[in-house]
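These notes concern the structure reproduced below.
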Amino acid sequence: MRSLFSNLRGDLLGGITAGIVALPLALAFGVSSGLGPSAGLYGAIFISFFAALFGGTPTQISGPTAPMTAVSMIVIAGIIAVYDGSVEKALPAILTVFLLSGLMQIGLGIIGLGSYIRYIPYPVVSGFMTAIGLIIIITQLLPALGYYPKEDQSWVEPFKPQAEELILENILREEAGEGILVLEDFHETISRAGEITEEEILEEAQVLAAKEASGVIGAVTVLPRALRNINWTEFILALVTVVIIFSSKKLTKKVPSTLTGLILVSGAAYALGLDYRPIETIPEGLPIPNLEIITEFRLQAITPFVFTALTLALLGSIDSLLTSVVADNMTKTKHDPNRELVGQGLGNSIAAVFGGIPGAGATIRTVVNINAGGKTKLSGMISGILLMIILLALGPVASQIPAAVLAGILITVGIKVMDYKGLKAIPSLPRDVKLGPLRFSMEVVIMLVVLILSTLWNLVYAVGIGLVIASLMFMKKIGDLTAKRSEIRSVATEKAWADEKGFPNFLREKVFIKHIKGPLFFGTTSDFQMLADQIPATASTVIIRLGRMQYMDQSGLYAMEDVLQDLRSKDIRVLFVRVLDQPRYMMERIDIIPGLVPHEHIFDSFGQCVKYVLKNNEHTTPDPD
């Protein structure tokens, strides 16, 4: 307890400052996610408190972040579509996916994966972060212009026939569940169809219209409509918010720029009585656990999103540990990565139970906390408590915030989150790949592939594809480099080792010596498989020297097996000299030893091998010539 309260004043100031910074972002991320501002606020409260309490980075402030919100938005939209556009019906499944993600994160920490997160290639992270920025900016253009597709009658009208079709499909599905044979009792179907109201058709059409306009491609599609139907009040509120956020830093560093923009623009809009769209009403009182996660649990509802939940867990882990590194550099301390993942997982799991969106360690809020004097995990807990107090005391006031102001805040977040360092480096990165007359940098290709696929297609698959390409290129480069340093070469380039200088001349035509220097792995197997072609026709014995082959992978293992079987078919005897532990273990597993090379043909030194050859060779004496 003494260590927790050893820096009470600094932690109090750091936690309060970080909580104030987190407030507008939490509301904005909640709105952006599709679950409303309360979901962002609940996420900020519980993740901040519990991730700090159980995590492994004392100064870290956690909560909803741009990357986590962007992926959450995809999850939420996908599940809502399954439930015919009803957020209320889809909520248990959405929160279950978030809970699963938190539990996965705990599992990642328990198995020690936190130590390996740092191996994610920079081009993948760079492309992903820039894509997140673009997605946030483009999708927030519509609310910044005051345009909501589901309220545009001319946009919704064409979706009515499809809406009628979907409603009829639901009726048929219900009848099938009730055991009604439609063809035999078609009057029942007609009766139910006759009860469909124009309001129901319109509501379904609005859901379809909103879905069609969602995401980057959807937003770009309806952007011309938005510009023709611009709400100037909403647009000016969003624009002024952006200007204040970017300019207030030059005026003062004491008040967070996002908070400045939120208070000034919202206060002015309310005081002037402007006709603006407020955010959704924030519920008053303490957050209540959503027990429908358990009572309404349906495995088939979340099965398609298991991989997405894992992606959320991995993304939250990467996001948090990158922030932990920043905190370490500022405080000259060292975080516990696996404990940090457990803490983040607990925070996300508890937040999901209370209806909050998932989050991670937030770099800006962590930096603000440290600069304000925060040193222990108490600062993160205080940040969460402050947000809870704001929720209880100022919920009705916060509900009057213009939606356009939060759109403006999110646009500035999107601009800031993009990786300009990676983008600026594109012209200067070495062009290490040649395709016909073109030369280009593979790292740039990876970054652009992740960026384009994330923005226009799917964040989850884009990162996966980026990781696969990066891994393949890494393996090729390391393989080429290792192969270049290895000596698994043709007989023309091989040089005798020092202890081979006394090898009898009369045996040189009968005995072929093969050297392997370096690992035998997928990058060198093709050279090794040429061994049979290198052996002179007069040779009846092959000595393979393995004392400098420290490692053999599965590709190398089967290449060795193929070569040995080829030599056996030609009645060529194979002798091993000095087999190291790891290669020997591998060869024993598939019976190369002793199946193809018996123990009596394995020697600890080259001298012992030569003695054996002299003793067991047909020509133990030199030719008379």
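The values are calculated or read from the model by the stated rules, or taken from the named source; none is laboratory data. Please read all numbers here as calculations on a predicted model, not as lab measurements. All Cβ positions, glycine included, derive from the backbone under ideal geometry; neighbour counts span all protein chains shown.
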Among (1) more than 24 Å from Ser126 (Cβ to Cβ); (2) in contact (Cβ under 8 Å) with a residue 12 or more places away in the chain, Gly414 falls short only on (1)
Picking from Glu618, Glu600, the residue that is exposed (fewer than 13 other Cβ atoms within 10 Å of the Cβ) and either at pLDDT 90 or above or within 15 Å of Pro519 (Cβ to Cβ) (or both) would be Glu600
If we keep only residues of region 510-545 that are in a strand (DSSP E or B) and touching a Ser or Thr at 6+ places or on another chain (Cβ under 9 Å), then the residue surrounded by the fewest Cβ atoms within 10 Å (Cβ to Cβ) is Lys517
Those helices (runs of 4 or more DSSP H) completely within region 286-400 that have 2 or more residues that are out of contact with any Pro (no Cβ under 9 Å at 6 or more places or on another chain) are 299-302, 306-331, 337-353, 363-371, 378-398
Restricting region 462-499 to residues that are in contact with a helix residue (DSSP H, G or I) (Cβ under 7 Å, 6 or more places away or on another chain), modelled with pLDDT of 75 or more and surrounded by 14 or more Cβ atoms within 10 Å (Cβ to Cβ), the one farthest from Leu614 (Cα to Cα) turns out to be Ala462
Cβ pairs under 6 Å, 6+ apart or interchain, first in region 274-299 and within 16 Å of Ala398 (Cβ to Cβ) and of a type in the set (D, E, K, R), second assigned to a loop (DSSP other than H, G, I, E, B) and modelled with pLDDT of 80 or more, ordered by first then second residue, are Glu280/Gly36
Check: So is Arg277 of a type in the set (Lys, Arg), surrounded by fewer than 18 Cβ atoms within 10 Å (Cβ to Cβ), modelled with pLDDT of 85 or more and in contact with a strand residue (DSSP E or B) (Cβ under 8 Å, 6 or more places away or on another chain) or not?
Finding: yes
Inside region 365-379, the number of residues satisfying the requirement of being surrounded by fewer than 22 Cβ atoms within 10 Å (Cβ to Cβ) and polar (S, T, N, Q) is 2
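Results for (1) in the same structural domain as Ile120 (by TED's automatic domain parsing); (2) on the phi > 0 side of the Ramachandran plot; (3) under 21 Å from the mean Cα position of the chain (by Cα), shown as yes or no for each residue.
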{"site": "Leu310", "(1), (2), (3)": "yes, no, yes"}
{"site": "Leu321", "(1), (2), (3)": "yes, no, yes"}
{"site": "Val326", "(1), (2), (3)": "yes, no, yes"}
{"site": "Asn338", "(1), (2), (3)": "yes, no, yes"}
{"site": "Gly345", "(1), (2), (3)": "yes, no, yes"}
{"site": "Ile350", "(1), (2), (3)": "yes, no, no"}
{"site": "Gly355", "(1), (2), (3)": "yes, yes, no"}
{"site": "Ile364", "(1), (2), (3)": "yes, no, yes"}
{"site": "Gly373", "(1), (2), (3)": "yes, yes, no"}
Scan region 77-87 and give yes if some residue there is crowded, with 24+ Cβ neighbours inside 10 Å and either assigned by TED's automatic domain parsing to the domain that holds Ala313 or of a type in the set (Phe, Trp, Tyr) (or both), otherwise no.
yes
Taking region 329-386 and keeping residues more than 22 Å from Leu314 (Cβ to Cβ) and of a type in the set (D, E, K, R) leaves Lys332, Lys334, Lys375, Lys377
TODO: Kindly check whether there is at least one residue in region 119-141 that is without any contact (Cβ under 8 Å) to a residue 24 or more places away in the chain, hydrophobic (A, V, I, L, M, F, W, C), surrounded by fewer than 21 Cβ atoms within 10 Å (Cβ to Cβ) and farther than 23 Å from Ile217 by Cβ.
DONE: no
Taking region 546-588 and keeping only residues that are within 45 Å of the chain's Cα centre (by Cα), crowded, with 21+ Cβ neighbours inside 10 Å and assigned to a strand (DSSP E or B), one is left with Leu546, Met552
Restricting attention to region 417-444, the residues that are free of Cβ contacts under 8 Å to residues at least 60 places away in the same chain and assigned to a helix (DSSP H, G or I) number exactly 6
Margin query: Would you confirm, using the coordinates I've provided, whether Leu237 is surrounded by 15 or more Cβ atoms within 10 Å (Cβ to Cβ), touching a helix residue (DSSP H, G or I) at 6+ places or on another chain (Cβ under 9 Å) and of a type in the set (A, V, I, L, M)?
Written below: yes
**Asked** Quick one: would you say Ala70 is without any contact (Cβ under 8 Å) to a residue 24 or more places away in the chain and surrounded by 21 or more Cβ atoms within 10 Å (Cβ to Cβ)?
**Response** no
Here the residues within region 380-405 that are surrounded by 22 or more Cβ atoms within 10 Å (Cβ to Cβ) and within 27 Å of Met104 (Cβ to Cβ) are Gly380, Ser383, Gly384, Leu387
